[in-house]
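See below for the structure under consideration.
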Amino acid sequence: MTALTADDLRRLTAPTDFLDYESDPVQSFVDEAVGDRGADKRRLAVELYYAVRDEVFYEVYGADLSERGLRASHTAATRKGFCLHKSALYAAACRAVGIPARVHYGDVRNHLASDRLRAHIGGDVFFHGLNSVYLDGKWVKATPVFNKLLCRLYGMKPLEFDGVTDSLHHPFDDQGRQSMEFLTDHGGFDDVPYEFVMANMRRKHPGFLDAAGTGTVRGGSLAAEASV
């Protein structure tokens, strides 16, 4: 167990530029997701996990990677995005109910991806966003990213979360074949480190970004490409 100080608790439950949970869209999202904000923190973390996982559609094409686009309020309003967007929303939503939360980043191999997306990405190693939340005296990793429909289309079981054990990645698909591998852990951050995130996207996935460099390429749907 790792006890947080009072200063830690204040810092890790405070709103930030990107984890802007005092905004109306995030507050509305939280109200829809949880039945009682005063419930047990683990229960709240789990309820919010499934809301972000399944009520925010995972889409990589035409995604807004501007500072505005990566704010939790934008994702709560649009209800779509990929790991970078959904991890910011989950951290903000957890903080809104008093759960210390951080955004976390890493590199993973063989994400949920079509051949077309791999061509844009430049291979099968992806810069990836997830979360860490502080529950019952310890940090637990959570990945509320890949919604149930997308997982079914790609032949994978959705990642579950119980608030006790890490929910990190899909090691195998439904046929038992290796599916994802966590390669590099870039660590956790109190707020979205925008320049760090975009530097990684520009360096690792230049073909995935639009001409302005603040969004992803358009003209596709990851769900539609699952059957191609």
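For Val46, the criteria (1) β-branched (Val, Ile, Thr); (2) under 19 Å from Ser167 (Cα atoms); (3) open to solvent by less than 10 Å² (accessible area, probe 1.4 Å) hold in every case but one, which is (3).
Restricting the stretch 27-43 to residues that are at pLDDT 95 or above and small (Gly, Ala, Ser), the residue that is surrounded by the fewest Cβ atoms within 10 Å (Cβ to Cβ) is Ser28. Tell me whether the stretch 55-62 contains one or more residues that are among the hydrophobic types (A, V, I, L, M, F, W, C), modelled with pLDDT of 95 or more, open to solvent by less than 30 Å² (accessible area, probe 1.4 Å) and more than 18 Å from Tyr105 (Cβ to Cβ). Yes, some residue in the stretch 55-62 is among the hydrophobic types (A, V, I, L, M, F, W, C), modelled with pLDDT of 95 or more, open to solvent by less than 30 Å² (accessible area, probe 1.4 Å) and more than 18 Å from Tyr105 (Cβ to Cβ).
Does Arg79 fit the bill of being in contact (Cβ under 8 Å) with a residue 24 or more places away in the chain, on the phi > 0 side of the Ramachandran plot and of a type in the set (D, E, K, R)? Against the criterion (in contact (Cβ under 8 Å) with a residue 24 or more places away in the chain, on the phi > 0 side of the Ramachandran plot and of a type in the set (D, E, K, R)), Arg79 qualifies. Residue count for the stretch 187-220, restricted to those that are surrounded by 15 or more Cβ atoms within 10 Å (Cβ to Cβ), over 30 Å from Leu4 (Cβ atoms) and among the small types (Gly, Ala, Ser): 2.
Is it the case that some residue within the stretch 7-20 is outside any helix (DSSP H, G or I), at pLDDT below 95, open to solvent by 40 Å² or more (accessible area, probe 1.4 Å) and out of contact with any Leu (no Cβ under 6 Å at 6 or more places or on another chain)? The answer is no, given that none of the residues of the stretch 7-20 is outside any helix (DSSP H, G or I), at pLDDT below 95, open to solvent by 40 Å² or more (accessible area, probe 1.4 Å) and out of contact with any Leu (no Cβ under 6 Å at 6 or more places or on another chain). Cβ separations smaller than 8 Å between residues 6+ apart or across chains give the following pairs from the stretch 209-228 residues that are under 17 Å from Phe126 (Cα atoms) to residues that are outside any loop (DSSP other than H, G, I, E, B) and acidic (Asp, Glu): Gly215/Asp64.
The values are calculated or read from the model by the stated rules, or taken from the named source; none is laboratory data. Quantities reported herein were computed from a predicted structural model and do not represent experimental measurements. As a convention, Cβ positions derive from the backbone with ideal geometry for all residues, glycine included, and neighbour counts pool all protein chains shown. The accessibility values were calculated without ligands, DNA or RNA, using every heavy atom of the protein model including side chains. Shrake-Rupley method; radii C 1.70, N 1.55, O 1.52, S 1.80 Å.
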